[in-house]
Amino acid sequence: MVDTLVASKTLVDVRDLKMYFPLTRGIVLQRVVGYVRAVDGVSFSIERGQTLGLVGESGSGKTTIGRTIVRLYKPTSGNIFFDGKDLATLHGEELRELRQRVQIVFQDPFASLNPRYTIGSLISEPMHIYKVASNAEIRERTVELLSVVGLRPEYIDRYPHEFSGGQRQRIAVARALSINPEFVIADEPVSALDVSIRAQVLNLLQRLQQQFNLTYLFVSHDLSVVRHVADRIAVMYLGKIVELSDRDELYAAPKHPYTRALLSAIPIPDPKIEKRRQRIILSGDLPSPIHIPSGCRFHTRCPMAQDICREVEPAFEAKEGREHYAACHFSERVTSPIE
Amino acid sequence: MGEYLLEVQDLKTYFKVKAGRVRAVDGVSFAIRPGERLAVLFEDQDLLDLPESAMRKIRGGKIGMIFQDPMTCLNPTMTVGKQIGEALRIHLKLSKDEAQKRAIALLEQVGIPAAAERVNSFPHQFSGGMRQRVMIAIALACNPKLLIADEPTTALDVTVQAQILELINGVASDFGTAVMLITHDLGVVAGMTDRVVVMYAGKVIETAPTDELFENPRHPYTLGLLASVPRLDEERHSQLKTIEGAPPDLLQPPPGCPFMPRCAFARAICRTMPPLDPVAGNSAHLKACWVDVTDPKEQAYADKRRQARLDAMQAAIAKSAEAALQTLEEK
C-alpha cells in the first residue's frame with residue numbers, strides 16, 4: 001500500500017492497470033477468441049492540485065483509462081489507489097461513496113446531457129443522488145454553480161438544446177462540480193467545440209482548478225492544448241505509456257521517438273515556421289490492439305527501430321532527470337523537436 | 001475568366017428549414033488561379049455548400065472533392081476499385097479493364113501498399129488514413145484542375161494528418177492541381193496554402209496571402225482567432241485570450257457586420273456591413289471592417305471595452321444569481 005508520507009501528497013496512484021475487452025464469436029454459446037488490449041499495464045500518479053495530461057492517438061487507450069478510473073469498466077487487473085483506497089476492487093456502498101469524490105466531464109456535450117432534463121435538474125441530479133442537502137439548498141447551490149461556470153442563473157429551467165456547444169460544456173462542468181469532487185477527469189473536453197470557444201472553456205477549467213483546488217486528469221489528443229493545461233504529461237501508444245515527464249521537459253527534450261514524431265506533426269499557426277520545418281512523418285497506422293507487435297510496440301512505425309526493438313520490450317524507466325520516464329532502448333538518441 | 005481557374009461572384013446559399021432560411025453562404029466572392037493553394041478558414045464546418053451548380057461533367061471530372069469523413073463518404077457495398085473506376089468510366093469513357101488498371105495506378109500513387117490486391121477490398125477493410133487516401137485517389141482520378149478538400153484531416157490523428165497533408169501537397173504539385181482547402185485549423189492553413197479567405201457567419205471578412213495574413217491580421221475576428229489558439233512554439237501563458245460569445249444564429253443574422261456582437265472594436269458605424277476593401281498599401285490584402293485595428297488608439301479603446309464587457313457580464317451573472325436566490329427565499 002501507499003505509505004503515509006506519499007499519501008498526503010499523492011491523490012491518485014494507478015499501478016499496472018490492465019483493461020482487456022474480450023472478443024467473442026458465436027451467438028448463443030459465446031467463445032472468447034481473443035482480447036482487445038485497450039490498456040496494457042499502465043502506472044502513473046497524480047499529486048493533489050496538479051494536472052496530468054494524457055495524450056495519444058485514437059485507439060491508444062487514453063479514454064479507457066479515464067473510464068476505468070471512475071469504474072465505468074471493471075479493470076482486468078491492477079490497482080487504482082485514490083487517497084489510499086483501491087478503486088479497482090471496491091464495490092457496493094464503498095464504491096458509491098468514493099465515486100462522489102471522482103467526477104468525469106465527457107467529450108461531446110451534445111451526447112452527454114439528457115435532452116429531456118432542464119439544465120437545473122441535470123446539474124442538481126448528482127446532489128439528489130448523494131442527498132447532500134435539502135431540496136431548497138440544492139436549488140440554491142445550482143444557482144450558484146451556474147454563475148460559477150459563467151452562465152446566467154435565469155437559464156436554470158431551459159433545456160440543453162437551447163445552448164451552444166461551449167455553454168453545454170459549461171453545464172457538464174457544473175454538473176461534475178456539484179458534489180464537490182476532489183478529482184475531475186476531463187475526457188477531451190474541448191475537442192467537440194469551435195476554435196473560438198475552446199479558449200473560453202480551457203480558461204474556465206483552469207480558474208475552477210485554482211478556486212476549488214481540483215486535481216485533473218486531462219485526456220486529449222491535442223498536444224498544444226495539453227501543454228497549456230497540464231503540469232505533467234503522459235504519452236500513450238497502443239495501451240501503454242511510452243513517456244511520462246514534466247511538461248516543459250517533455251516538449252524541450254522528448255526521450256521517446258513517438259513523442260518526437262507527435263510534436264513534429266503538430267502544425268504551428270505561423271507560415272514562416274511551418275515552411276522551414278522538418279517533419280518526421282510516421283509511416284502507416286496504429287497497429288490493431290488485438291495483435292500487438294512483439295518487442296517494442298512502436299517498432300513497426302519507428303524511424304529508429306533496430307533488431308533489438310523487434311524482440312525485447314524496452315523497460316519503462318527513468319532517463320537522465322529523475323522524473324522523466326520513457327520506454328525506449330535508444331532514448332538518448334532522440335533529438336529535440338523545436339530547433 | 002482568363003486568369004482564373006474558378007471565379008465565384010456574390011454567391012448566396014440559403015437553406016430552407018422549418019424556422020425560416022439559414023443564410024449559410026451570404027454573398028461570397030473569390031477566385032482561384034491554376035495551381036494555387038487556397039484556404040477557406042471556416043469555423044462552422046457544416047455550413048459550406050460548394051460553389052458548383054448542376055454541372056455533372058465538371059463535378060468529378062474537372063473538380064475533385066475530398067470530404068471530411070472518409071467513413072461515411074465511401075460506399076460500403078462497393079470495392080474501392082469500382083468506386084475509383086466509376087468516375088473514370090463516366091467522364092473518360094474508359095472500359096472496365098482500363099478503369100481497373102488506372103485505379104491500381106492511382107492507389108499506388110496515393111501510397112497504398114499492394115495496390116493490385118487492395119483494389120478489390122471494401123472500405124471497411126481499410127483504416128481511417130487509408131480510406132482518406134482512397135478518397136484522394138477518387139478525387140484525382142480524372143486529373144481535375146481543382147481539388148476541393150473539405151476538412152480532409154479533421155477526422156484523423158495527428159501523425160496520420162501529417163501523412164495526408166504531405167500527400168495532398170505532393171500530388172497537387174505533381175499534377176499542377178489547384179487546391180481549395182476548407183478548414184478551421186490555423187496550423188494546417190499556415191503550412192499548406194498560398195492564400196487564405198477567412199469567413200464568418202457566411203461572409204468573407206478577410207482575404208490575404210498566407211504569410212501576410214498571419215503576420216498582419218487586420219480583421220478583429222482573425223486577430224482574436226490567432227490569439228486564442230495555444231501554440232507549441234510560444235511561451236506558455238497562464239490564460240488564453242478568448243473571443244467572448246458564440247457565432248450568430250444564421251436564421252436571423254444580425255444586421256450589419258456579423259461579428260459586431262462579439263467585437264471589442266465595434267462602434268455605431270458597424271451597424272452597416274463594411275465592404276471588402278483593400279488594406280492601405282497592399283492591394284492583395286482585403287478586409288471587411290471599418291476599424292483600423294493597428295491604430296494604438298483603437299486598441300486601447302478595444303481593451304477598455306473588453307474589460308468593461310467582462311465586468312458587465314460578471315455583474316449580470318451576480319445580479320441574476322441574487323434575484324434567483326431571493327425568489328427562492330420568498331417561496
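Worth pointing out:
- In the stretch B:160-177, the residues that are under 19 Å from A:Tyr258 (Cβ atoms) and part of a loop (DSSP other than H, G, I, E, B): none
- Any hit, the stretch A:179-186, residues being at the interface with chain B (Cβ under 10 Å from one of its Cβ atoms) and not in a helix (DSSP H, G or I): no
- Screening B:Thr210, B:Thr159 for residues that are touching a residue at least 60 places away in the same chain (Cβ under 8 Å) and hydroxyl-bearing (Ser, Thr, Tyr) leaves exactly one candidate, B:Thr210.
- Each residue in the stretch A:278-310 was checked for being within 12 Å of chain B (Cβ to nearest Cβ), within 25 Å of the chain's Cα centre (by Cα) and of a type in the set (Lys, Arg), and 1 of them qualify.
- Complete set of residues in the stretch B:119-134 that are touching a Lys or Arg at 6+ places or on another chain (Cβ under 9 Å), within 11 Å of chain A (Cβ to nearest Cβ) and either outside any helix (DSSP H, G or I) or over 19 Å from B:Ile168 (Cα atoms) (or both): B:Phe126
- Extreme residue, farthest from A:Arg168 (Cα to Cα), among residues of the stretch A:97-114 that are of a type in the set (D, E, K, R) and modelled with pLDDT under 90: A:Glu97
Residue by residue, here is whether (1) touching a strand residue (DSSP E or B) at 6+ places or on another chain (Cβ under 6 Å); (2) surrounded by fewer than 18 Cβ atoms within 10 Å (Cβ to Cβ); (3) at the interface with another protein chain (Cβ under 8 Å from one of its Cβ atoms) holds:
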{"position": "B:Ala208", "(1), (2), (3)": "yes, no, no"}
{"position": "B:Asn216", "(1), (2), (3)": "no, yes, no"}
{"position": "B:Pro220", "(1), (2), (3)": "no, no, no"}
{"position": "B:Leu225", "(1), (2), (3)": "no, no, yes"}
{"position": "B:Gln239", "(1), (2), (3)": "no, yes, yes"}
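- Within the stretch A:91-133, the set of residues being among the polar types (S, T, N, Q) and either touching a residue at least 60 places away in the same chain (Cβ under 8 Å) or buried (at least 17 other Cβ atoms within 10 Å of the Cβ) (or both) comprises A:Gln100, A:Gln103, A:Gln107, A:Ser112, A:Ser124.
- When B:Phe259 is tested against the conditions (1) closer than 30 Å to B:Val17 by Cβ; (2) among the hydrophobic types (A, V, I, L, M, F, W, C); (3) without any contact (Cβ under 8 Å) to a residue 40 or more places away in the chain; (4) within 14 Å of chain A (Cβ to nearest Cβ), the lone failure is (3).
- Tabulated pairs, the stretch B:109-128, first closer than 17 Å to B:Cys73 by Cα, second at pLDDT below 85, C-beta under 6 angstrom, 6+ apart or interchain: B:Ser127/A:Asp285; B:Gly128/B:Leu156
- Top-ranked residue in the stretch A:246-261 [being in a helix (DSSP H, G or I) and either within 26 Å of B:Pro217 (Cα to Cα) or of a type in the set (Lys, Arg) (or both); ranked as nearest to the other protein chains (Cβ to nearest Cβ)]: A:Arg247
- Matching residues in the stretch B:58-84 - criterion: being part of a helix (DSSP H, G or I) and either among the polar types (S, T, N, Q) or farther than 22 Å from B:Ser127 by Cβ (or both): B:Thr72, B:Gln83
- Taken over the stretch B:162-186, the criterion of being free of Cβ contacts under 8 Å to residues at least 12 places away in the same chain and facing another protein chain (nearest Cβ under 9 Å) is satisfied by B:Ala162, B:Glu166.
- Going through (1) more than 14 Å from chain B (Cβ to nearest Cβ); (2) more than 19 Å from the chain's Cα centre (by Cα); (3) of a type in the set (Ser, Thr, Tyr); (4) under 30 Å from B:Leu328 (Cα atoms) one by one, A:Ser124 falls short only on (1).
- Listed by first and then second residue, the pairs linking a residue in the stretch B:306-319 that is within 8 Å of chain A (Cβ to nearest Cβ) and surrounded by 14 or more Cβ atoms within 10 Å (Cβ to Cβ) to a residue that is outside any helix (DSSP H, G or I) and not charged (D, E, K, R), with Cβ atoms under 7 Å apart and 6 or more places separating them unless they lie on different chains, are B:Ile317/A:Gly150.
- Total residues in the stretch A:147-167, condition assigned to a helix (DSSP H, G or I) and closer than 11 Å to A:Leu122 by Cα: 3
- Unique match (being touching a residue at least 60 places away in the same chain (Cβ under 8 Å), within 14 Å of chain B (Cβ to nearest Cβ), among the polar types (S, T, N, Q) and assigned to a helix (DSSP H, G or I)) among A:Ser196, A:Ser264: A:Ser264
- Qualifying positions in the stretch B:270-289 - more than 21 Å from the chain's Cα centre (by Cα) and either within 14 Å of chain A (Cβ to nearest Cβ) or under 24 Å from B:Ala208 (Cα atoms) (or both): B:Cys270, B:Thr272, B:Met273, B:Pro274, B:Pro275, B:Asp277, B:Pro278, B:Val279, B:Ala280, B:Gly281, B:Asn282, B:Ser283
- Among the candidates B:Ala201, B:Ala280, B:Ala266, residue that is more than 30 Å from A:His161 (Cβ to Cβ) and aliphatic (A, V, I, L, M): B:Ala280
- Filtered residues of the stretch A:314-334 (kept if crowded, with 16+ Cβ neighbours inside 10 Å, of a type outside the set (A, V, I, L, M, F, W, C) and either over 28 Å from A:Tyr20 (Cβ atoms) or under 25 Å from the mean Cα position of the chain (by Cα) (or both)): A:Pro314, A:Lys319, A:His324, A:Tyr325, A:Ser331
The values are calculated or read from the model by the stated rules, or taken from the named source; none is laboratory data. Quantities reported herein were computed from a predicted structural model and do not represent experimental measurements. In this analysis, Cβ positions are derived from the backbone assuming ideal geometry, glycine residues included, and neighbour counts consider all displayed protein chains.
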